[in-house]
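This report concerns only the one structure given below.
The values are calculated or read from the model by the stated rules, or taken from the named source; none is laboratory data. Bear in mind that the values here come from a model prediction, so they are computed numbers and not experimental data. Glycine gets a Cβ as well: all are built from the backbone with ideal geometry, and neighbour counts include every protein chain shown. Accessible surface is based on the protein model in full, side chains and every heavy atom, while ligands, DNA and RNA are left aside. Shrake-Rupley method; radii C 1.70, N 1.55, O 1.52, S 1.80 Å.
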Amino acid sequence: MKSVAIIVMMFIMVVSGCTESESNELLVDLKDHNMKIVPENPTSNDEIKLIIFDDCTYNVFSGVIRSDKTIDVQKQFNSMMKWPCVMANDTISLGKLPEGKYIVNYKLVDISPQTTNSTVLSFSFGLTVKN
C-alpha cells in the first residue's frame, strides 16, 4: 500500500512539474528570437510594432488576427522554392491597442505541400499596454 501511495505522489509531482515547465515555455523573451516591441512600454495612444531582426526576406507576413486579449501573428514561406535567405529587418504593425495584458502568438509556417510539419516556429509572449 505504501509503494502505491509513493508511486501516486511521484506521478503527481512529475505531472505538476511538466505543467509548470510547459507554462514557462509558453511565454518567451523576445530577445531570444531577435525581436522587440516598439515602443518598449506601449500605451493605448501608441502605434505598436513588432520588429523582427535578421529575418529571411522569403518569410512573408501573412496576417495579424486579434481576438479579445489574444493577438496571432503569422508569417509563411515555401521551402520547395529553395530561395536564398537574404537577411533583413521586418516591421509588423499590431496597431493601437486598448489598455490591458495581451498574449501574442507568433507562428512561422511552411506552406509547401510536401512538408509533414508545417509549423516551423511557434511561441507566445506577453504584451502589456498601459493607459
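The table that follows gives values for the structure above.
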{"read-out": "Some residue of the range 67-76 being over 24 Å from VAL129 (Cβ atoms), open to solvent by 20 Å² or more (accessible area, probe 1.4 Å) and either modelled with pLDDT of 95 or more or within 12 Å of the chain's Cα centre (by Cα) (or both)", "value": "yes"}
{"read-out": "Residue list for the range 68-80, restricted to those being in contact (Cβ under 8 Å) with a residue 24 or more places away in the chain and not aromatic (Phe, Trp, Tyr)", "value": "LYS69, THR70, ILE71, ASP72, VAL73, GLN74, LYS75, GLN76, ASN78, SER79, MET80"}
{"read-out": "Where LEU30 falls short, out of the listed (1) over 24 Å from ASN131 (Cβ atoms); (2) modelled with pLDDT under 95; (3) open to solvent by less than 40 Å² (accessible area, probe 1.4 Å)", "value": "(1)"}
{"read-out": "Members of the range 40-66 that are closer than 17 Å to ALA88 by Cα and surrounded by 15 or more Cβ atoms within 10 Å (Cβ to Cβ)", "value": "LYS49, LEU50, ILE51, ILE52, ASP55, CYS56, TYR58, ASN59, PHE61"}
{"read-out": "Qualifying residue in the range 97-105 (condition: part of a loop (DSSP other than H, G, I, E, B) and of a type in the set (Lys, Arg))", "value": "no"}
{"read-out": "Boolean, TYR102 is out of contact with any Leu (no Cβ under 7 Å at 6 or more places or on another chain) and either touching a residue at least 60 places away in the same chain (Cβ under 8 Å) or surrounded by 12 or more Cβ atoms within 10 Å (Cβ to Cβ) (or both)", "value": "no"}
{"read-out": "Filter result for the condition that a residue is more than 12 Å from the chain's Cα centre (by Cα), open to solvent by 80 Å² or more (accessible area, probe 1.4 Å) and at pLDDT 95 or above, over ILE37, ILE92, ILE111", "value": "ILE111"}
{"read-out": "The range 43-89, residues that are part of a strand (DSSP E or B) and touching a Gly at 6+ places or on another chain (Cβ under 7 Å)", "value": "ILE48, GLN74"}
